[in-house]
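Participant: Here it is, the structure, as structure tokens.
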Amino acid sequence: MKRVSAFQVIGPVMIGPSSSHTAGALRIAQIAARILKEAPREVVFYLYGSFAETYRGHGTDRALLAGMMGYDTDHPDIRDAYQIAHQRQIAFDFHPAKLIEGMHPNTVALEVTGISDKKLSLTGASIGGGEVIIHAINGIQVSFTGEYPTLIVQQQDRPGVAAHITSVLAKAGVNIGTIRMYREQRGNRAFTILETDEALSPSHVKEILDNQNINDVFIIDL
């Protein structure tokens with residue numbers, strides 16, 4: 001039997017009418033913002049299923065914009081997300097799309113360009129109670145929730161990379177809850193994603209980056 005937490009029953013503290021259409025949507029965009037690691041210049045949101053049908057009425061559009069700008073679920077400025085995005089000169093657009101077979105009905109895909117022209121694509125689903133699952137980053141299929149402190153390592157698929165990551169965390173006394181590796185194809189682009197019991201620090205990131213096969217490191221701690 002699957003456990004149901006009090007968080008799932010009560011839901012998160014939030015602005016908006018629906019934990020799945022508002023808080024969950026915001027958290028997907030918030031995760032994208034953490035991975036982008038810079039201010040967005042342009043973002044396009046592709047909305048599927050019930051997101052596509054009700055995004056204006058349920059505030060999904062404002063929640064997505066607010067998350068992309070780094071706001072938390074209970075921030076009062078979520079209501080003014082359009083105006084604030086315009087003030088920050090962020091170009092944005094929303095595209096309702098046809099739900100693909102097997103896709104969760106509350107799914108959004110983001111195409112983001114940062115102020116340095118850095119590109120990011122991310123797909124996630126809001127599964128209820130403000131909880132989310134991220135399904136893809138930059139075209140690579142992944143699966144994580146962001147419910148726990150999460151370390152995402154962008155790398156080349158080479159021997160020794162996972163050992164390097166785990167040795168850094170072991171030396172720092174960080175306990176790993178889960179570790180999974182997702183790759184484009186053998187020897188090519190890959191992500192190692194670790195959920196940990198303790199919050200991670202910039203010093204951990206610096207040590208992990210000290211490997212020629214690691215391109216970038218992202219910390220998701222919502």
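The values are calculated or read from the model by the stated rules, or taken from the named source; none is laboratory data. Here the structure is a predicted model, which means the values were calculated and not measured. A quick note on method: Cβ atoms are made from the backbone with ideal geometry, for glycine too, and the neighbour counts reach across all protein chains shown.
Participant: Before we move on, is Ala81 buried (at least 19 other Cβ atoms within 10 Å of the Cβ), on the phi < 0 side of the Ramachandran plot and free of Cβ contacts under 8 Å to residues at least 24 places away in the same chain?
Facilitator: Yes.
Participant: Restricting the search to the stretch 56-108, which residues are of a type in the set (Lys, Arg) and under 23 Å from Ala125 (Cβ atoms)?
Facilitator: Within the stretch 56-108, Arg56, Arg62, Lys98 meet the criteria.
Participant: Now for a different question. For residues that are without any contact (Cβ under 8 Å) to a residue 60 or more places away in the chain, more than 22 Å from Val132 (Cβ to Cβ) and of a type in the set (A, V, I, L, M), scanning just the stretch 194-222, find the one that is surrounded by the most Cβ atoms within 10 Å (Cβ to Cβ).
Facilitator: Ile208
Participant: I'd like to check which strands (runs of 3 or more DSSP E) are fully inside the stretch 40-145 and have at least 2 residues that are under 23 Å from Thr178 (Cβ atoms) and in contact with a Phe, Trp or Tyr (Cβ under 7 Å, 6 or more places away or on another chain).
Facilitator: Passing ranges, in order: 131-137, 140-144.
Participant: Continuing with this model, one more query. Only one of these is within 30 Å of Thr22 (Cβ to Cβ) and over 14 Å from the mean Cα position of the chain (by Cα): Thr145, Thr178. Name it.
Facilitator: Just a single option satisfies the conditions, and that option is Thr178.
Participant: To continue, here is another question. Need the failing condition index for Gln154 against (1) free of Cβ contacts under 8 Å to residues at least 24 places away in the same chain; (2) assigned to a strand (DSSP E or B), just the number.
Facilitator: Every condition holds for Gln154 apart from (1).
Participant: Then there's this: Restricting to the stretch 94-128, and then to whatever is basic (Lys, Arg) and within 18 Å of Ala32 (Cα to Cα), can you tell me which residue is surrounded by the fewest Cβ atoms within 10 Å (Cβ to Cβ)?
Facilitator: Lys119
Participant: State whether the residues of the stretch 74-83 include one that is assigned by TED's automatic domain parsing to the domain that holds Gly128, closer than 18 Å to Val132 by Cα and of a type outside the set (Lys, Arg).
Facilitator: Looking for residues that are assigned by TED's automatic domain parsing to the domain that holds Gly128, closer than 18 Å to Val132 by Cα and of a type outside the set (Lys, Arg), one finds at least one in the stretch 74-83, hence yes.
Participant: Quick one: would you say Ile133 is assigned by TED's automatic domain parsing to the domain that holds Leu26 and modelled with pLDDT of 95 or more?
Facilitator: In short, yes.
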